[in-house]
Each structure stands twice: as C-alpha cells, then as structure tokens.
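Worksheet: the structure to be examined is printed underneath.
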Amino acid sequence: FSFFFLMIRRPPRSTQGVSSAASDVYKRQVLYAAKVTSAWINETIIDIDCYKARYKMDELIIRAYMPPGRVDPTALNNLKKSKGKYRRYLFITPTKDVDPRDIVGDVCRKLVKPLGEQMQIYVEVVNPSLNWVDKTAENQAYIELLQKEIEQKSDCFYSKIGIQANKADWEKIFGTNYVHFFDRFLYWEPTTHNQCSAEGFVPFGGWTSPTGILYMRNVGRCQTDVDISCDLSRRNKLQYTLRTVSYTHLRAHETSLHLVCRLLLEKKKNKLQTHI
C-alpha cells in the first residue's frame, strides 16, 4: 500500500482572531452546491418578481401543451415575463387523441418561435387512462414519434427530451421492460414524498436513480399554487477549496462539527500548557 500526505502551510497567526481554528476548518471543508429548485407552472399567470424575491426559485418549468389538446394559454405570457430572470423549460402532457406531430408543431409555432430561442422539453408521463391508450406498444411508438419530431425541429428545441414520471404510471403505460429513454433526465414523481431526496426510489425504465424529484404538490406561494422540484444531479456536486487550511491530519470519519469542536478543545489545551 502507498500513503500520500498533503501538508498545507497556514497563514501568519497575526491575522487570526479568537475563532481562527473554527474558521480555518470551515474554510477547508467540502462545500455542497446549493440545490437547484424549480417551480412547475400549470395554466396560471404567476407573479415572476414574487418568486424571485421571496422564494429564490432557480428555474421555471412551464406547461406548454395540455389535454384535451391545446397549447397552455398562459405559457407565452409567463415565458416572456420570466426571460432573463430564470432558466426556463417547457413540459407537455401528451394527449392520446392528438398526433405527436401536431403537438410539437403547435408548441414550436405558438410558443417557441415568438421567443426566438431553443427550449428544453420535458414529457409528463402520468394518468395512463386519461392521456394514454391501454396498449403499451402504441404508447411506445407515440413517445418515440414525439421525440423524433422534436429532434427535427432543432430551431425550436434541444434534441433530447426529459421525462417526468413515476414507476407505476411508467410501467402501466410502456411496460416493465421499456428502457428507450434510460439516458434522459428523469424528474421522479413519487406518490408520497416531501423532501429533496431519492430515498425510496425503485429503479424503472432503465433508470437506477432519478436526476431530479418533483416532491411537493400544489404549494401555495405568491398567491399561486405550483409544484416544486429539485435537481439532484446539481445538488450533489461538490466544490473543494484549499484556502486557509490549518489542520493537516484530519480524521476521515469526522464531520465539520466534530472538527471544529476538537480543534477548539486542542487550542484551549495548548494555551493552558503554555501557562504551566
């Protein structure tokens, strides 16, 4: 076995305050990136400034198409008002009686073209009896045609769709062995959940873990009920910093609280010894 040690010189002690040990440990710890939180907007005009100022939302995911087969009438207004203030995406709810080519064409022409920018599309895979037929093969052909149409309209959309789904609905709509979209962004929509966590996720559709989670439904914020999701892929990214490291033999099992407490105790102990 080979062992490697990294020793980093501390800055002059003249710059240190009473809590220098604690601040040194804090500055060298692994920092978690803040979770990316999204509001899902469904057929309502939202107060853009309220969400930005009071709830620190990072993204808006705005419904573009909805049953019984029409573009959401509030979507264009919300897209225009939120430009430059949020990252914005679109989600569509397929309608079994409407050709996927018509859905994609309407969203491109009525929503995306007026904005003059490409948009990411998420497909809401829910309500098997309302939005889908009872034959899995036909549903598979439907969503694959939807994907193909989106790829062909590269002036409106990014090529790969994202998915919003839960295990029960996905498998009822497409079958238990359908994994065609396993490499796409998955917003998991569990039936009962209230935290930004993948706890309880059971693999389906080729996904071994969700990329994001839609974990709060019908939350009343800024006088509007919205659904709240978080992006687990960006929440778990780590940022490291090597600034002002004063302790060179950290114990692997210790948390930041353990480290701060131990360093303060050892600093106090050393001070007592110098006076003996």
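The values are calculated or read from the model by the stated rules, or taken from the named source; none is laboratory data. Note that the coordinates shown come from a computational prediction; the quantities given were computed from them, not determined experimentally. Quick reminder, even Gly has a Cβ in these numbers, built from the backbone with ideal geometry, and neighbours come from all protein chains shown. Protein only, heavy atoms only, side chains kept; ligands, DNA and RNA dropped before computing areas. Shrake-Rupley method; radii C 1.70, N 1.55, O 1.52, S 1.80 Å.
Output the residue which, of all residues in segment 198-224 that are of a type in the set (Gly, Ala, Ser) and touching a residue at least 40 places away in the same chain (Cβ under 8 Å), is surrounded by the most Cβ atoms within 10 Å (Cβ to Cβ).
Residues of segment 198-224 that are of a type in the set (Gly, Ala, Ser), as a first pass: 198, 200, 205-206, 209, 212, 220.
If we keep only those that are touching a residue at least 40 places away in the same chain (Cβ under 8 Å) as well, we get 205, 212.
Working: GLY205: 21, GLY212: 27.
Filtering segment 198-224 for residues that are of a type in the set (Gly, Ala, Ser) and touching a residue at least 40 places away in the same chain (Cβ under 8 Å), the one surrounded by the most Cβ atoms within 10 Å (Cβ to Cβ) comes out as GLY212.
The residues of segment 190-206 that are over 21 Å from ILE228 (Cβ atoms) and either in a loop (DSSP other than H, G, I, E, B) or β-branched (Val, Ile, Thr) (or both), listed by number, are VAL202, PRO203, GLY205, GLY206.
Among the residues making up segment 84-124, none is part of a helix (DSSP H, G or I), small (Gly, Ala, Ser) and open to solvent by 50 Å² or more (accessible area, probe 1.4 Å).
Just checking, does segment 63-70 include any residue being at pLDDT 90 or above, over 22 Å from PRO190 (Cβ atoms), surrounded by 14 or more Cβ atoms within 10 Å (Cβ to Cβ) and in contact with a helix residue (DSSP H, G or I) (Cβ under 9 Å, 6 or more places away or on another chain)? For segment 63-70, residues at pLDDT 90 or above, over 22 Å from PRO190 (Cβ atoms), surrounded by 14 or more Cβ atoms within 10 Å (Cβ to Cβ) and in contact with a helix residue (DSSP H, G or I) (Cβ under 9 Å, 6 or more places away or on another chain): present.
The number of residues in segment 43-83 that are of a type outside the set (A, V, I, L, M) and not in a loop (DSSP other than H, G, I, E, B) comes to 14. When each of TYR178, TYR187 is tested for being of a type outside the set (Lys, Arg), in contact (Cβ under 8 Å) with a residue 40 or more places away in the chain, closer than 25 Å to ALA141 by Cα and assigned to a strand (DSSP E or B), the lone residue that passes is TYR187.
When THR274 is tested against (1) modelled with pLDDT under 85; (2) closer than 30 Å to THR74 by Cβ; (3) of a type in the set (S, T, N, Q), only condition (2) is not met.
With respect to the conditions (1) of a type in the set (A, V, I, L, M); (2) open to solvent by 10 Å² or more (accessible area, probe 1.4 Å); (3) in contact (Cβ under 8 Å) with a residue 12 or more places away in the chain, ALA53 lacks only one, and its number is (3). Note on segment 125-166: residues that are within 20 Å of ARG184 (Cα to Cα), open to solvent by less than 50 Å² (accessible area, probe 1.4 Å) and in a loop (DSSP other than H, G, I, E, B) total 4.
If the condition is being within 16 Å of ALA64 (Cα to Cα), modelled with pLDDT of 95 or more and more than 24 Å from the chain's Cα centre (by Cα), then segment 126-152 contributes only GLU149.
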